[in-house]
Amino acid sequence: MQRMLLLAGICAGALVGQQALAQAPDMALTRLDCGTSNPPTAVNQRFSDTYSQGDLKIQLIYSCYLVKHGNEYLLWDTGHAMTTPNVAPKVSLVDQLAQLSLKADQIKYVGISHYHGDHIGQVGAFPASTLLIGKGDWDELTSAKPREGANPAPFAHWIKGEGKVEPVPLDKDVFGDGSVLMLNTPGHTPGHHSLLVKLPQMGAVILMGDLAHFHENYDSNGVPTFNTDRSQTLASLDRVKKIAANSKATVVIQHDPRDLGKLPAFPAAAK
């Protein structure tokens, strides 16, 4: 009798394991081009409030990302507007998604790392999507007098109550299974968030938003002069570095061209 119960337990455990495997969503992460690169920029004055970068020049790039989770999609950041002088993308996000056989209304969530113009420019092209944005940033965008750098205009659809918005105060488990987490990383802006994506093959990937703009600032805990809170920035950098170490994550600095090779080139995706 005990042997039969043991065998039944083993079979039940195997069945549960098979069901868990069967239910694991098909996941992928694709980089989208969200703006034309600037010429190399001297970063010492704006990007380090301790002036630690000397004569360093960095050619900043603009990246957005598509996360596939089964039949659901999250778009992370929306880059420059197509009308932005000099740095506008050559191909819109909607047209890039079309190359992946996707329409704008198939994007369930649009996640915004923060409210700066090079991350929000095409958000209005996704009115059917639920907007996910840090509560601190949403509070600024909807205030009577938003602080410098917070432009409410691209968010008019959601501000007027015509679309669904979820201000995220802390972390958010986007799909409810721990595979995609918005990480609360304030400091660059009041509600800045980064994104942790746990891919079945590649493993964990952290998309930084603008918590750090390039490797030298990430490595040295550099704080841009235009960040809203220095102490929060340093705490957020410390947190992300610990998460990266604990999860053995690949850290992708969205503005640093040296990180382009960490993900496959469009239209291929990391899985």
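The values are calculated or read from the model by the stated rules, or taken from the named source; none is laboratory data. In this text the structure is predicted, and so the values were computed from the model without any measurement. Here Cβ is always computed from backbone atoms with ideal geometry, including for glycine, and neighbour counts include all displayed protein chains.
One residue alone among V87, V94, V110 is out of contact with any Pro (no Cβ under 8 Å at 6 or more places or on another chain) and either part of a helix (DSSP H, G or I) or surrounded by fewer than 16 Cβ atoms within 10 Å (Cβ to Cβ) (or both), and that residue is V94.
Residue under question is F214, and the condition is that it be in contact with a strand residue (DSSP E or B) (Cβ under 6 Å, 6 or more places away or on another chain) and at pLDDT 95 or above; does it hold? Yes; evaluated as a whole, the condition is true for this residue.
Pairs are defined by a Cβ separation below 9 Å, a sequence spacing of at least 6 or placement on different chains, a first member in segment 177-202 that is within 15 Å of L263 (Cα to Cα) and among the polar types (S, T, N, Q), and a second member that is outside any strand (DSSP E or B) and modelled with pLDDT of 95 or more; the pairs so defined are Q201/K271. Of the residues examined, K68 is one that is part of a strand (DSSP E or B) and farther than 24 Å from H188 by Cβ. Among the residues of segment 34-67, those identified as surrounded by 21 or more Cβ atoms within 10 Å (Cβ to Cβ) and farther than 23 Å from D219 by Cα are C34, G35, Y65, L66, V67.
Listed here are the residues, each with its yes/no results for (1) modelled with pLDDT of 95 or more; (2) in contact with a strand residue (DSSP E or B) (Cβ under 7 Å, 6 or more places away or on another chain); (3) farther than 25 Å from G203 by Cβ; (4) not hydroxyl-bearing (S, T, Y).
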{"residue": "L29", "(1), (2), (3), (4)": "yes, yes, no, yes"}
{"residue": "W76", "(1), (2), (3), (4)": "yes, yes, no, yes"}
{"residue": "G79", "(1), (2), (3), (4)": "yes, yes, yes, yes"}
{"residue": "P89", "(1), (2), (3), (4)": "yes, yes, yes, yes"}
{"residue": "A104", "(1), (2), (3), (4)": "yes, no, yes, yes"}
{"residue": "K108", "(1), (2), (3), (4)": "yes, yes, no, yes"}
{"residue": "G111", "(1), (2), (3), (4)": "yes, yes, no, yes"}
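Suppose we filter segment 184-222 for residues that are in contact with a Gly (Cβ under 9 Å, 6 or more places away or on another chain) and closer than 23 Å to P169 by Cβ; how many remain? Show your work before the answer.
So in segment 184-222, the residues in contact with a Gly (Cβ under 9 Å, 6 or more places away or on another chain) come out as 184-186, 188-195, 198, 211-214, 216.
Add one more test, that the residue is closer than 23 Å to P169 by Cβ, and what stays is 184-186, 188-195, 198, 211-212.
Result for segment 184-222: 14.
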